[in-house]
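*Asks:* Once you've had a glance at the structure underneath, I'll fire off some questions.
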Amino acid sequence: MAADSPGIAFLLSQLGAHAATQFGARVEELGLTPPLVGVLRMISVRPGLSQQQLAGELGLLPSKVVAFVDDLERRGLVTRTRGTRDRRVQHLALTAEGTELLGEALEVAARHEDAFCLALTPEERAQLQALLEHLARSHELTPGAHGHRRMR
């Protein structure tokens, strides 16, 4: 690595922090935070997921997930249903309002990505996507989860 170049890992970190800050500002207009968008998205993809499973999938502490779900439930975006075999287990699902808000957040995310990648040609963007996916797989990162948790 040349002395005047910060290196790939640093640039990825710098760009990631910048992208996360911009995304946070954009979803804030919807009354959401990036972690709440991640929780809504994961529940949408895996309806019926338990709070414990959600914590594992997202690489978050269960207590943090409970706080997020409490907030989303209070706002009418998520429902909890007690398990039939184990009443301590809470299964999660999006409400119609939650599904609608997630759709709006995903539209914001798509516009954010388009703006973020504006300097790239479609071919460069596809190549960058493929290279980043390859790196993520090589580090055994959980697809779709933003935390630092690895796949099992």
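*Asks:* Grab the beta carbon distance between R88 and T33, set R0 = 30 Å, and tell me the FRET efficiency rounded to 0.05.
*Replies:* 0.60
*Asks:* Most exposed first by the Cβ proxy, i.e. fewest other Cβ within 10 Å, how do S13, S5 rank?
*Replies:* Going from sparsest to densest Cβ surroundings: S5, S13.
*Asks:* Okay, moving on. Suppose every K and R has +1 on its Cβ and every D and E has -1 on its Cβ; what is the size of the dipole of the stretch 8-138 about the Cα centre, in Debye to the nearest 20?
*Replies:* Magnitude of the dipole: close to 740 debye.
*Asks:* Additional query: How far apart, in nm, are two points set 7 Å out from the Cα along the Cα-to-Cβ line at D70 and at T99?
*Replies:* Distance between label points: 2.8 nm.
*Asks:* Of (1) -0.51, -0.60, -1.18, -1.27; (2) -0.50, -0.59, -1.35, -1.48; (3) -0.33, -0.40, -0.94, -1.05, which is the value of log10 I(q)/I(0) by the Debye sum over Cα atoms at q = 0.11, 0.12, 0.18, 0.19 Å⁻¹ derived from the coordinates here?
*Replies:* (1)
*Asks:* Sort 124-133, 38-47, 88-97 for me by packing, meaning the mean count of neighbouring Cβ atoms within 10 Å per residue, highest on top.
*Replies:* Top to bottom by mean Cβ count within 10 Å: 38-47, 88-97, 124-133.
*Asks:* Provide the FRET efficiency to the nearest 0.05 for the A136-T81 pair, computing r from the beta carbons and using R0 = 30 Å.
*Replies:* 0.35
*Asks:* How long is the gain from A9 to D114 if the chain were fully straight, where each residue apart is worth 0.36 nm and the alpha carbon distance is subtracted?
*Replies:* Computed gain between A9 and D114 is 35.5 nm.
Read the figures in this text as sums done on the coordinates, not as results from a lab. All figures in this text were calculated on a predicted structure; none of them were measured in a lab. Every residue, glycine among them, receives a Cβ derived from its backbone with ideal geometry; neighbour counts consider all protein chains shown.
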